1. Checking the conditions here, which among A:Gln439, A:Gln393, A:Gln444, A:Gln430 is free of Cβ contacts under 8 Å to residues at least 40 places away in the same chain, more than 30 Å from A:Thr153 (Cβ to Cβ), away from RNA strand B (no atom under 11 Å from the Cβ) and open to solvent by 20 Å² or more (accessible area, probe 1.4 Å)?
2. Looking at the range A:364-378, which of its residues are in a helix (DSSP H, G or I) and open to solvent by 10 Å² or more (accessible area, probe 1.4 Å)?
3. Within the range A:51-62, can you find the residues that are open to solvent by less than 60 Å² (accessible area, probe 1.4 Å), more than 7 Å from RNA strand B (Cβ to nearest atom) and farther than 17 Å from A:Pro128 by Cβ?
4. Please verify whether the range A:379-399 includes one or more residues that are part of a loop (DSSP other than H, G, I, E, B) and either under 18 Å from A:Val440 (Cα atoms) or in contact with a Phe, Trp or Tyr (Cβ under 6 Å, 6 or more places away or on another chain) (or both).
5. Determine whether A:Leu252 is within 22 Å of A:Ile163 (Cβ to Cβ) and either more than 16 Å from RNA strand B (Cβ to nearest atom) or surrounded by 15 or more Cβ atoms within 10 Å (Cβ to Cβ) (or both).
6. What pairs come out if I take residues in the range A:340-352 that are modelled with pLDDT of 90 or more and pair them with residues that are in a loop (DSSP other than H, G, I, E, B) and of a type in the set (S, T, N, Q) whose C-beta lies under 6 Å away, six or more apart or interchain?
7. Checking the condition among the small types (Gly, Ala, Ser), farther than 30 Å from A:Asp154 by Cβ and surrounded by 20 or more Cβ atoms within 10 Å (Cβ to Cβ), which residue from A:Ser360, A:Ser339, A:Ser310 passes?
8. What residue, among those in the range A:310-324 that are assigned to a strand (DSSP E or B) and not hydroxyl-bearing (Ser, Thr, Tyr), is farthest from RNA strand B (Cβ to nearest atom)?
Amino acid sequence: MQKAALPKGTRDFAPDVMRRRNFITDTIIHVYKKFGFQPIETPAMENLSTLLGKYGDEGDKLLFKILNSGDFLKKVSPEELNDADANSLGLKIAEKGLRYDLTIPFARFVVQHRNDILFPFRRYQIQPVWRADRPQKGRYREFWQCDADVIGTDSMIAEIDLIQIYSEVFDALGFDDYVLKINHRKLLEAVAITCEMDSNFRHLTVCIDKLDKIGWEGVETELATEFSHPSIEKLKTILINGKITTEFLNDLSAKLTASPSLDQALKDLREILGFISDIQLDVNMELDLSLARGLDYYTGCIFEAIIPESGIGSVSGGGRYDDLTGVFGMNDVSGVGISFGIDRLYDVMEHFGLFNELESSPVKLLLAHFDEKSRSACVKLARELRSMDISVQVYPDVKKIKKQLDYANKNHIPFVGVIGEDEIAAGSVQLKNMRNGEQVSVSQSKIGEALL
RNA sequence: GUGGUUGUAGUUCAGUUGGUUAGAACGCUUGAUUGUGGUUCAAGAGGUCGCCGGUUCAAGUCCGGUCUUCCACCCCA
C-alpha cells in the first residue's frame, strides 16, 4: 500500500478551512470591485522564458520547472549531460514553469491582449503561485495571492485607490492594528546618489530593508562588504531614524543631492500625502525609508503591510513598475499593484482569534427515514424544497434514526425532518430543531414555510 | 541552498540506564435506547513505533542514511 502524502509545503483545505479562506477572499473581492477592478485568470504554467530573469537571481532559483513531455533528454547530448551545470541543463529539458507571482503573468497578459484592453486597465486576480522555497512559519511552496493592479497610467490616483483598499480590507477583516509602510524607489535612488552608493543599488536596498530586523549595526556590517566607510556614515545620518513623517520629507530633501529621481519621488509622495489629507483617509500609513523590497521590477512607490505582533513578516506587498511590459515588447506602460497573501492573512487572523463566525452548515435540513419507502418520500420532498431554494440533504443509507440524527448533529445541520410510515400516511413530517431539541409535526406542504 | 528540530493509535501526546504482551486522553464502533442527536454508563476495535540499513543475546529507545514536520538564515505573500 502506498502512503497518502502531499509534496512538501503544500496543503489540503478541509471545508471548515475553506469557509474561512472564502471569507477572506470574498472580503477582498468585494473591496476590489468597489474600486472598479475586474477579474482575470492566467494559466498555472508559463513559458520559462516569461518567468526567468524577472525576480532576480534568487527568484530564478525558486522557480518550479516543468519537465518537457515525451523524451525530454532527446535534445541533450551525452557531453552536455556530463558537463552542464544544473541550471543550463534545466533550460534544455524544461521549457515551462509554474508561475512565481501574478504580476509578471499579468504583464504578459496585457501585452498579448493589448488590442482588447481599454487603458487604464484595472484587474484583480486570485490564484495560487508556487515557489521552491523551504517552508517555514507563514511560508508555503504553494500559496494564494490576491492581486489588484492598475496599468496604463502614472497617475497617483491609482496609488491612492490602493491605499484606500488597504484601509478597507483590513477594517473589514477585523484588524485594528496594522501598519501600511510606503516608500519610493526613486527616493532610495536619491539616497544612493547622495551617499555614492549607486554603484550597487541592489545591495544597498537589500541591506537597508533589514534595518527593522537586524538593527543599524547589522546593516552596517553588511554594507561594509560593498561600500566605503564615509558612504556608510553618510547613509547613517539619513537613515538612522528609519521612519519619517510628512514634515520630515522636507528636511530629508534638503539632505539629499538634487536629482531627477529625487524630484519625482518627492512629487509623488507629496501628492499622495496631500490626497490622504484631503479625503481625511483613516489609514495607519508610515513613510519608511528603510522599506526597499527585493523584487527587481519596482521603480516608483512601494508598499508593504504588516500586522504587528503577528509573528509573520508581511501580509501584503506591492508597488509601481514603469516598464514591466517592456521586456515583452510594449514600452512606456506604467502600472501599480498590490498583492495580499491569503495564507498569511489566514494565519494571522487565526493567531489573533479573528475568525469568530458561528459554526454553521450550508445545509438547512436533513431528511431522515426508516426504510426504502420513506426514503423515497424524502427524495421527493427534498426536490420540492430545493425548488424553493432551501438547501436539503437526504440521508443516503437506510440506517437507524439515531445514526441519522447524529450525522446532522455533527455536521451542524440545524433541522432534521423525520418521515416514516405514519408521516407518509398523514402527509406530514416530524420537524426537529437540533439546537433546542423541540419537535413538531408539520404538514409536508407547509414545511418550506416553516423553514423560511 | 545553509544550520537546527520533529516523527509512537484517526488526533494530541506519555514511554525510565536498551529488557516480557508499547500506554493515556479525546475520537471511532457496538450496546444500555428495535421511531430520536448532544449528557452519562458499559464493552470493543485500532500501532510494521516515518522508511531503509547497522550495532546488540535483545532496539520505540543507540548509530548511519533517507523522507517528513517545524524553526532560523537567504529571500519573500
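1. The match here is A:Gln393.
2. A:Glu372, A:Lys373, A:Arg375, A:Ser376, A:Ala377
3. A:Leu52, A:Gly53, A:Lys54, A:Asp60
4. No, there is no match, as no residue in the range A:379-399 is part of a loop (DSSP other than H, G, I, E, B) and either under 18 Å from A:Val440 (Cα atoms) or in contact with a Phe, Trp or Tyr (Cβ under 6 Å, 6 or more places away or on another chain) (or both).
5. Here the answer is yes, as A:Leu252 does meet what is asked.
6. Partner pairs satisfying both residue conditions: A:Val348/A:Ser310.
7. Residue meeting the stated conditions: A:Ser310.
8. A:Arg320
The values are calculated or read from the model by the stated rules, or taken from the named source; none is laboratory data. Treat the numbers as computed from the prediction; the structure is a model and nothing was measured. Cβ atoms come from the backbone with ideal geometry, glycine included; neighbour counts cover every protein chain shown. Side chains included, ligands, DNA and RNA excluded: accessible areas come from the protein's heavy atoms. Shrake-Rupley method; radii C 1.70, N 1.55, O 1.52, S 1.80 Å.
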